[in-house]
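Okay, handing you the structure first.
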Amino acid sequence: MYVGVRNVGILLWRRTMARSIVACLFLLLSLGSQAAEDTPPAAKRSSSPIALTADGATLLVVNPDSNSLTLVATVSHSLLAEVPVGVDPRSVAVSPDGSRAYVANQGTNSLSVVDIAARAVIADVAVGDRPVGVAVSPNGRFVAVAELGVDRVRLLDAATLSTLSVAAVADRPHGLAFTPNGQVLLVTHLLSGDVTLLPARPFAVYLPLVLRTSSGLRDAYS
């Protein structure tokens, strides 16, 4: 009889302890959930393409998550400024004289023109759908913009920021670069791997040449 009572007591004690443990677990889970709700999410701070001024003194970095352009002094490694631009900036190019930066903003379909010395946007130019690439000609006369959403490349007058020409190209133009003599604009395409060559002149009609291999590109300029 004594043994039976003892066993019942142990059983009741185990059940009480189990209930207490379960209650503690629920409390901890509840507190953890509340803490997660009260803690703000960490801000995203990714950066994208970079560019240097011709003298190498200033580094420019576009920040898609914060919609800004960061200017950094390369000698001191110090932050000079963070300039607000359009939504979802994707690339930046600098004029040959180092006075202006051009930022392609994919989210607002615009090109922000930044005065580097003043560290401020001095103009916003409307362009085509999803601009992702930008380049400045070696003589500083032209600014080219790759419009990913409509498969076009736009050529702007750098002085007036007016559109000189719009060229239809292959699927999803992305990266842009002028040849050293400034006569040809090279366009990469996001998925195909092709490179399109456009004459860098303000003509209404373009006859693009598409190169499909890197060896073909070397042959064209050998």
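The values are calculated or read from the model by the stated rules, or taken from the named source; none is laboratory data. Just so you know, these numbers come straight off a predicted model, no measurement behind them. Neighbour counts run over all protein chains shown; Cβ positions are idealised from the backbone, glycine included.
May I ask you to list the residues in region 172-210 that are surrounded by fewer than 17 Cβ atoms within 10 Å (Cβ to Cβ), among the hydrophobic types (A, V, I, L, M, F, W, C) and at pLDDT below 90?
Once the filter is applied, which keeps residues that are surrounded by fewer than 17 Cβ atoms within 10 Å (Cβ to Cβ), among the hydrophobic types (A, V, I, L, M, F, W, C) and at pLDDT below 90, region 172-210 yields Leu190, Leu191, Phe203, Ala204, Val205, Leu207, Leu209, Val210.
Separate question: Would you please name the residue that is farthest from Ser95 (Cα to Cα), looking only at residues in region 155-188 that are outside any strand (DSSP E or B) and among the β-branched types (Val, Ile, Thr)?
Val169
Could I ask something else about it? Please enumerate the residues belonging to region 171-185 that are under 17 Å from the mean Cα position of the chain (by Cα) and on the phi > 0 side of the Ramachandran plot.
Selection gives Arg172 alone.
Taking region 134-154, which residues are in a strand (DSSP E or B), surrounded by fewer than 23 Cβ atoms within 10 Å (Cβ to Cβ) and in contact with a Ser or Thr (Cβ under 8 Å, 6 or more places away or on another chain)?
If the condition is that a residue be in a strand (DSSP E or B), surrounded by fewer than 23 Cβ atoms within 10 Å (Cβ to Cβ) and in contact with a Ser or Thr (Cβ under 8 Å, 6 or more places away or on another chain), then Arg154 is the only one that fits.
What do you reckon, is Val121 in contact (Cβ under 8 Å) with a residue 24 or more places away in the chain and within 25 Å of Pro180 (Cβ to Cβ)? Before the answer, list the steps.
Values: in contact (Cβ under 8 Å) with a residue 24 or more places away in the chain: yes; within 25 Å of Pro180 (Cβ to Cβ): no.
So Val121 does not fit the description; no.
Right, another one. Which of the following residues is over 19 Å from Phe178 (Cβ atoms), in the same structural domain as Leu198 (by TED's automatic domain parsing) and surrounded by 15 or more Cβ atoms within 10 Å (Cβ to Cβ): Pro89, Pro84?
Exactly one residue qualifies, and that residue is Pro89.
Quick check on my filter: what residues within region 102-125 are in contact with a Leu (Cβ under 8 Å, 6 or more places away or on another chain) and part of a strand (DSSP E or B)?
Tyr102, Val103, Ala104, Asn105, Leu111, Ser112, Val113, Val114, Ala123, Asp124, Val125, listed by residue number.
Out of curiosity, is Thr70 part of a loop (DSSP other than H, G, I, E, B), modelled with pLDDT of 95 or more and not small (Gly, Ala, Ser)?
Numbers: part of a loop (DSSP other than H, G, I, E, B): no; modelled with pLDDT of 95 or more: yes; not small (Gly, Ala, Ser): yes.
When the stated conditions are applied, Thr70 does not pass them.
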